[in-house]
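Okay, so here's the structure we're looking at.
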Amino acid sequence: MQNTSETADRARLLAAVLPHVPFDGWSESAFAAGAADLGLTPDAAKSLCPRGAVDLAVDYHKAGDQALAARVPEIEGLRYSEKVAALIRFRLEDADREVVRRGTTLFALPQNAALGASLIWGTADAIWTALGDRSDDINWYSKRAILSGVYGSVVLYWLGDETGGEATAQFIDRRIAEVMQFEKFKSGIRANPALRPLSEGLGRLFSSIRAPRPNDPRNDLPGIWAAPKETK
């Protein structure tokens with residue numbers, strides 16, 4: 001865990017590297033140039049960011065996630081689906097498109113793909129957390145998995161949007177509408193007498209899955225599962 005001084009130094013290094021990213025990408029060249037701008041030796045810069053520019057790309061992405069909480073008051077009064085759509089738009093509005101484009105290239109590399117996927121998941125989690133999501137079962141995972149897919153596709157669309165964001169906003173609304181249709185489909189399955197036994201059986205199995213516990217010392221795993229109780 002970083003101390004306060006290291007966090008501040010790393011934030012300054014990120015700010016120094018960012019102007020170089022649109023030209024050099026999240027590369028060692030951009031990292032070295034930013035470090036030089038601050039007067040940092042290569043060793044000092046590497047001590048702050050062992051993975052170099054990759055670490056700073058992660059920091060940039062996470063900073064965007066953390067900023068979402070401050071914009072929640074702007075969505076008061078909207079319907080739930082509209083709140084989700086608004087937070088996705090806010091997340092993109094607060095980002096530099098060329099910097100994100102370079103980040104998309106970085107995290108598309110095979111060695112960084114898993115890290116990129118985890119960052120998208122983190123954005124989905126940040127959105128649901130900002131909305132006050134209290135789910136503690138399989139829904140915790142399904143909500144984030146679905147929204148990760150939506151957000152990932154929206155980012156790719158946004159990177160090619162030349163309409164000033166209007167087309168992206170419409171694309172977001174379409175994707176959210178598709179998710180809502182899927183939710184209606186699931187409700188229909190639960191209401192279908194022929195499929196109810198299967199639905200109830202899966203429900204009992206999934207009811208044993210729990211979301212991660214942030215303060216649990218065992219939280220080195222993605223969640224908790226306990227064998228379902230026998231029904232008499």
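The values are calculated or read from the model by the stated rules, or taken from the named source; none is laboratory data. Computed from a prediction, not measured in an experiment: that's the story for all the values here. As a convention, Cβ positions derive from the backbone with ideal geometry for all residues, glycine included, and neighbour counts pool all protein chains shown.
Annotations for the structure displayed:
- Residues that are surrounded by 18 or more Cβ atoms within 10 Å (Cβ to Cβ) and over 17 Å from Ala95 (Cβ atoms) occur in region 130-139; there is at least one.
- Selection within region 95-112 - over 14 Å from the mean Cα position of the chain (by Cα) and free of Cβ contacts under 8 Å to residues at least 60 places away in the same chain: Arg101, Ala108, Leu109, Pro110, Gln111, Asn112
- Per the conditions (1) out of contact with any Lys or Arg (no Cβ under 9 Å at 6 or more places or on another chain); (2) on the phi > 0 side of the Ramachandran plot, the sole criterion not satisfied by Gln66 is (2).
- Contacts under 9 angstrom Cβ, first residue in region 5-19 being in contact (Cβ under 8 Å) with a residue 60 or more places away in the chain, partner of a type outside the set (A, V, I, L, M, F, W, C), 6 or more apart: Leu18/Gly34; Leu18/Tyr60; Leu18/Asp96
- Identification of helices (runs of 4 or more DSSP H) wholly contained in region 1-48 with 1 or more residues that are within 18 Å of Tyr60 (Cα to Cα) and of a type in the set (Lys, Arg) yields 4-17, 42-48.
- For the condition surrounded by fewer than 18 Cβ atoms within 10 Å (Cβ to Cβ) and at pLDDT 95 or above, Phe23 qualifies.
- Scanning region 53-92 for residues being assigned to a helix (DSSP H, G or I), of a type in the set (D, E, K, R) and surrounded by fewer than 13 Cβ atoms within 10 Å (Cβ to Cβ) gives a total of 1.
Listed here are the residues, each with its yes/no results for (1) surrounded by fewer than 19 Cβ atoms within 10 Å (Cβ to Cβ); (2) in contact with a Phe, Trp or Tyr (Cβ under 9 Å, 6 or more places away or on another chain); (3) over 18 Å from Val179 (Cβ atoms).
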{"position": "Gly116", "(1), (2), (3)": "no, yes, yes"}
{"position": "Thr123", "(1), (2), (3)": "no, yes, no"}
{"position": "Lys143", "(1), (2), (3)": "no, yes, no"}
{"position": "Tyr151", "(1), (2), (3)": "no, no, no"}
